[in-house]
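A.B. asks: What follows is a structure written as structure tokens; I'll ask about it next.
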Amino acid sequence: MAQIDDLPPLREVIAQHGLEAKKSLGQNFLLDLNLTSRIARTAGDLSQVTVLEIGPGPGGLTRALLANGAKNVVAIEKDTRCLAALTDIQAHYPGRLDIIEGDALDIDPVAVTGGEPVKIAANLPYNVGTQLLLNWISVPQWPPFWQSLTLMFQKEVGSRIVARQGDKAYGRLGVLAGWRTHASMAFDLSPKAFTPPPKVTSTVVHVTPRAGPLPCDLKMLEKVTAAAFGQRRKMLRSSLKALGGDTEGVLEAAIIPATARAEEIDVEGFVRLANAYSASA
Ligand code: SAM
């Protein structure tokens, strides 16, 4: 195991604070500080930013972020049992770790990071991670408050986030992520890397904001992609009927063949389609 600081090994921390993993909180801990350091390095230079970490748990990634030079870390954790372990890390890195107890889905990320430049890093239950990713991609102002997102997902979800038109995993998530961001998979982690091991391989996804994404109403883009990929085998003239209005007229305005299927339309095509729907409303 890597020695990245003088704090006790994570197995000892878990035993000392009675942090048996809870399934209900999606707890699969990373105890190898080599691996958490690799995630921290994937986030790039941390010396000039506040790192917002969601779900620090016993603190393996938190320690790696701090040891890798994060200016400071703001960590949001829902499980109160983890707070004592995090307080020990706080004492080891005076003035560099803020611990916030609560549900990340309810907390304003800008308020807790005080308007500082932010990079976000997290190893989260995948359903919470997907929702937070969508929240962070959907913020009204662009460029957003964050410079990058470095997030753990099930590999299957990661593939959907980075998928582009022509990829097997291309769908709603790929269109929404592709519209406003560059997303790539950094590296995979085998189930054995976690305690307890999950059933499937995980992957670290790194996301940066795209400069000047095409203007588009996000709500409309969500509606259009949900309808189109909800019935992905059907032609768009039929799958988009659920949205009402003059389907064929909207498709024509967006310069998209009425007989095309969702998987054949690239991100720009979906943006044109959403804008054509907005214009026809
Ligand atoms: N980051 C630690 C690691 O890598 O070992 C823990 C990872 S574990 C997969 C997920 C962590 O997220 C747990 O500590 C869990 O309590 C926390 N968590 C789950 N849902 C959360 C939420 N909605 N808001 C904040 N933390 C949450």
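A.B. asks: When you scan the stretch 117-132, how many residues do you find that are farther than 16 Å from F194 by Cβ, open to solvent by 40 Å² or more (accessible area, probe 1.4 Å) and not polar (S, T, N, Q)?
C.D. replies: 1
A.B. asks: Name the one entry in R233, R237, R272 that is crowded, with 17+ Cβ neighbours inside 10 Å and more than 24 Å from Q131 (Cα to Cα). Spell out the reasoning first.
C.D. replies: On the way: R233 fails: crowded, with 17+ Cβ neighbours inside 10 Å; R237 fails: crowded, with 17+ Cβ neighbours inside 10 Å.
Just a single option satisfies the conditions, and that option is R272.
A.B. asks: Of the residues that sit in the stretch 162-200 and are within 16 Å of the ligand (Cβ to nearest atom) and part of a strand (DSSP E or B), which one is nearest to A21 (Cα to Cα)? I'd like the intermediate steps shown before the answer.
C.D. replies: Initial filter on the stretch 162-200 (within 16 Å of the ligand (Cβ to nearest atom)): 186-200.
Going one step further and asking which of them are part of a strand (DSSP E or B), we end up with 186-189, 194-195.
Numbers: A186: 26, F187: 24, D188: 22, L189: 19, F194: 11, T195: 8 Å.
Taking the candidates together, the pick is T195.
A.B. asks: Just checking, does the stretch 212-229 include any residue being within 30 Å of I14 (Cβ to Cβ) and out of contact with any strand residue (DSSP E or B) (no Cβ under 6 Å at 6 or more places or on another chain)? Write out each step before concluding.
C.D. replies: Step one: list which residues in the stretch 212-229 are within 30 Å of I14 (Cβ to Cβ), which gives none.
So far as the stretch 212-229 goes, no, none of its residues is within 30 Å of I14 (Cβ to Cβ) and out of contact with any strand residue (DSSP E or B) (no Cβ under 6 Å at 6 or more places or on another chain).
A.B. asks: Looking at V207, V200, V175 in this structure, which one is under 28 Å from T50 (Cβ atoms) and of a type in the set (A, V, I, L, M)? Even if it seems obvious, please write down each step before you answer.
C.D. replies: Values: V200 fails: under 28 Å from T50 (Cβ atoms); V175 fails: under 28 Å from T50 (Cβ atoms).
Matching residue, one of V207, V200, V175: V207.
A.B. asks: Next question. When the stretch 103-116 is examined, which residues are found to be more than 13 Å from the ligand (Cβ to nearest atom), in contact with a strand residue (DSSP E or B) (Cβ under 9 Å, 6 or more places away or on another chain) and at pLDDT 95 or above? Explain how you work it out, then say what you get.
C.D. replies: Step one: list which residues in the stretch 103-116 are more than 13 Å from the ligand (Cβ to nearest atom), which gives 108, 110-111, 113-116.
When the remaining residues are screened for being in contact with a strand residue (DSSP E or B) (Cβ under 9 Å, 6 or more places away or on another chain), the result is 110, 113-114, 116.
Hits for the stretch 103-116 are V110, T113.
A.B. asks: Test each condition in (1) of a type in the set (A, V, I, L, M, F, W, C); (2) surrounded by fewer than 20 Cβ atoms within 10 Å (Cβ to Cβ); (3) in contact with a Ser or Thr (Cβ under 9 Å, 6 or more places away or on another chain) for A242 and report the one that comes out false.
C.D. replies: Of the numbered conditions (1) of a type in the set (A, V, I, L, M, F, W, C); (2) surrounded by fewer than 20 Cβ atoms within 10 Å (Cβ to Cβ); (3) in contact with a Ser or Thr (Cβ under 9 Å, 6 or more places away or on another chain), the odd one out for A242 is (3).
A.B. asks: Kindly evaluate P140 against the criterion of being assigned by TED's automatic domain parsing to the domain that holds A183, farther than 17 Å from V51 by Cα, of a type outside the set (S, T, Y) and in a loop (DSSP other than H, G, I, E, B). First the steps, then the outcome.
C.D. replies: Working: assigned by TED's automatic domain parsing to the domain that holds A183: yes; farther than 17 Å from V51 by Cα: yes; of a type outside the set (S, T, Y): yes; in a loop (DSSP other than H, G, I, E, B): yes.
Criteria met by P140.
A.B. asks: Related question: Residues that are within 8 Å of the ligand (Cβ to nearest atom): which helices (runs of 4 or more DSSP H) entirely in the stretch 1-102 hold 1 or more of them? Before you say what the answer is, go through the steps one by one.
C.D. replies: Numbers: elements: 10-17, 33-42, 60-67, 83-92.
Filter on the stretch 1-102 gives 10-17, 33-42, 60-67.
A.B. asks: Which of the residues belonging to the stretch 15-25 are of a type outside the set (D, E, K, R) and either open to solvent by 30 Å² or more (accessible area, probe 1.4 Å) or without any contact (Cβ under 8 Å) to a residue 40 or more places away in the chain (or both)? Give the derivation first.
C.D. replies: In the first step, residues of the stretch 15-25 are kept if they are of a type outside the set (D, E, K, R); the result is 15-19, 21, 24-25.
Residues satisfying the conditions are A15, Q16, H17, A21, S24, L25.
A.B. asks: Identify, from the list I4, I39, the residue that is under 25 Å from P197 (Cβ atoms) and more than 20 Å from the chain's Cα centre (by Cα).
C.D. replies: On the way: I39 fails: more than 20 Å from the chain's Cα centre (by Cα).
Result: I4 is the single residue among I4, I39 that is under 25 Å from P197 (Cβ atoms) and more than 20 Å from the chain's Cα centre (by Cα).
Yes/no per residue for (1) open to solvent by 20 Å² or more (accessible area, probe 1.4 Å); (2) in the same structural domain as R160 (by TED's automatic domain parsing); (3) among the hydroxyl-bearing types (S, T, Y):
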site	(1), (2), (3)
T181	no, yes, yes
M185	yes, yes, no
A193	yes, yes, no
K199	yes, yes, no
V204	no, yes, no
K223	yes, no, no
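A.B. asks: For the stretch 133-145, which positions are away from the ligand (no atom under 16 Å from the Cβ) and either open to solvent by less than 40 Å² (accessible area, probe 1.4 Å) or polar (S, T, N, Q) (or both)? Give the derivation first.
C.D. replies: Our first condition is that a residue be away from the ligand (no atom under 16 Å from the Cβ); within the stretch 133-145, this holds for 137-145.
Within the stretch 133-145, I137, S138, V139, Q141, P144, F145 qualify.
A.B. asks: Here are V73, V49: which of them is without any contact (Cβ under 8 Å) to a residue 40 or more places away in the chain, open to solvent by less than 40 Å² (accessible area, probe 1.4 Å) and farther than 20 Å from N135 by Cα? Reasoning before the result, please.
C.D. replies: Working: V49 fails: without any contact (Cβ under 8 Å) to a residue 40 or more places away in the chain.
Of the residues listed, the single one that is without any contact (Cβ under 8 Å) to a residue 40 or more places away in the chain, open to solvent by less than 40 Å² (accessible area, probe 1.4 Å) and farther than 20 Å from N135 by Cα is V73.
A.B. asks: Search the stretch 254-269 for residues that are farther than 18 Å from V162 by Cβ and pair each with any residue that is loosely packed, with under 15 Cβ neighbours inside 10 Å when their beta-carbon atoms are under 6 Å apart and the residues are at least 6 apart or on different chains.
C.D. replies: Between residues of the stretch 254-269 that are farther than 18 Å from V162 by Cβ and residues that are loosely packed, with under 15 Cβ neighbours inside 10 Å, the close pairs are A258/E248.
The values are calculated or read from the model by the stated rules, or taken from the named source; none is laboratory data. Here the structure is a predicted model, which is why all the values come from computation and not from measurement. So basically every Cβ, Gly included, is an ideal-geometry build from the backbone, and we count neighbours across all protein chains shown. Protein only, heavy atoms only, side chains kept; ligands, DNA and RNA dropped before computing areas. Shrake-Rupley method; radii C 1.70, N 1.55, O 1.52, S 1.80 Å.
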